[in-house]
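Colleague: Here you go, one structure.
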Amino acid sequence: MAISNAEWDIMRVVWTKGQATSGDILTVLGAKNDWSASTVKTLLKRLVDKGYLATSKLGKGFIYSALLAESDAMAEQVDEAFSKFCRTKHVAILEHLLADRPMTEADISALQLLLEKKKASAVDKVVCDCVLGQCKCKEHLN
Ligand SMILES: [Zn+2]
């Protein structure tokens, strides 16, 4: 299920702290997002309804913990972003990302290893699966 920017902001706080109260979230994000306590509670309820957060009683209030792993959520966000681009352009986007990110030598070695392994599953051609008229791939031109 899609996650809004506001919900993502909250999830990051919960992932960072392990568990968080609405007060914790207001402390971290209240000034940045100009949120009131009731805004935070509304967003938390939405995240519980979506199954991304669990809630348990803590004193008079509630404490929230993540049911969605940060790594899974990040992968989902990136997959969703890439699904908006023609498959034949994915490598160009990856090249752009790799060129711009700061990386350690260990990061670069890990990527080189990944690419070496990727050779085993290389395809002859990346086939576009776009809707007709949304890209210029030959498959759609007949
Ligand atoms: Zn395409």
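The values are calculated or read from the model by the stated rules, or taken from the named source; none is laboratory data. Predicted model, so just to flag it, every value in this text is computed and none were measured. Using ideal geometry, Cβ is built from the backbone for each residue, glycine included, and neighbour counts are taken over all protein chains shown. When the accessible area is computed, the model is the full protein with side chains, heavy atoms only, and any ligands, DNA or RNA have been set aside. Shrake-Rupley method; radii C 1.70, N 1.55, O 1.52, S 1.80 Å.
Colleague: Determine the order of Met103, Met11, Met74 by accessible area, beginning with the largest, at a probe radius of 1.4 Å.
Modeller: Per-residue accessible area, sorted high to low, gives Met74, Met103, Met11.
Colleague: Continuing with the same structure: Counting only pairs 8 or more places apart or on different chains, how many lysine pairs in segment 1-126 have C-alpha atoms closer than 22 Å?
Modeller: 19
Colleague: When N is the residue count of segment 85-142, what does its C-alpha Rg come to as a fraction of 2.2 N^0.38 Å?
Modeller: So segment 85-142 has a normalised radius of gyration of 1.45.
Colleague: Got the relative contact order for segment 5-66 handy, in percent, Cα pairs under 8 Å and 6 or more residues apart?
Modeller: In percent, rounded to a whole number, it is 40.
Colleague: Something else: Along the Cα→Cβ direction, 7 angstrom out, place labels at Lys60 and Cys130. What is the inter-label distance in nm?
Modeller: A separation of 5.8 nm, rounded to one decimal place.
Colleague: To continue, here is another question. Mean-square fluctuation check for the chain, GNM, Cα pairs under 10 Å: which of Gln112, Gln19, Gln77 is largest?
Modeller: So, out of Gln112, Gln19, Gln77, the one fluctuating most is Gln112.
Colleague: State the Cα centre-to-centre distance between segment 37-64 and segment 86-108 in whole Å.
Modeller: If you average the Cα positions of each part, the centres end up 36 Å apart.
Colleague: From the P(r) of the chain, can you give the percent of Cα pairs sitting at distances over 18 Å?
Modeller: I get 68 percent for the Cα pairs in the chain exceeding 18 Å.
Colleague: Measuring with a 1.4 Å probe in the full set of protein chains, what accessible area per residue, in whole Å², belongs to the chain?
Modeller: 73
Colleague: Consider a paramagnetic label point 7 Å from the Cα of Ala2 along Cα→Cβ; state which residues of segment 73-91 have an amide N under 19 Å from it.
Modeller: In segment 73-91, the label zone of Ala2 (backbone N under 19 Å from the point 7 Å along Cα→Cβ) covers 73-86.
Colleague: If one takes the longest principal axis of the Cα atoms in the chain, at what angle in degrees, from 0 to 90 and to the nearest 10, does the Cα axis of helix 22-33 lie?
Modeller: With both axes taken from Cα atoms, the answer is about 60 degrees.
Colleague: How far apart, in nm, are two points set 7 Å out from the Cα along the Cα-to-Cβ line at Arg87 and at Ala69?
Modeller: 2.6
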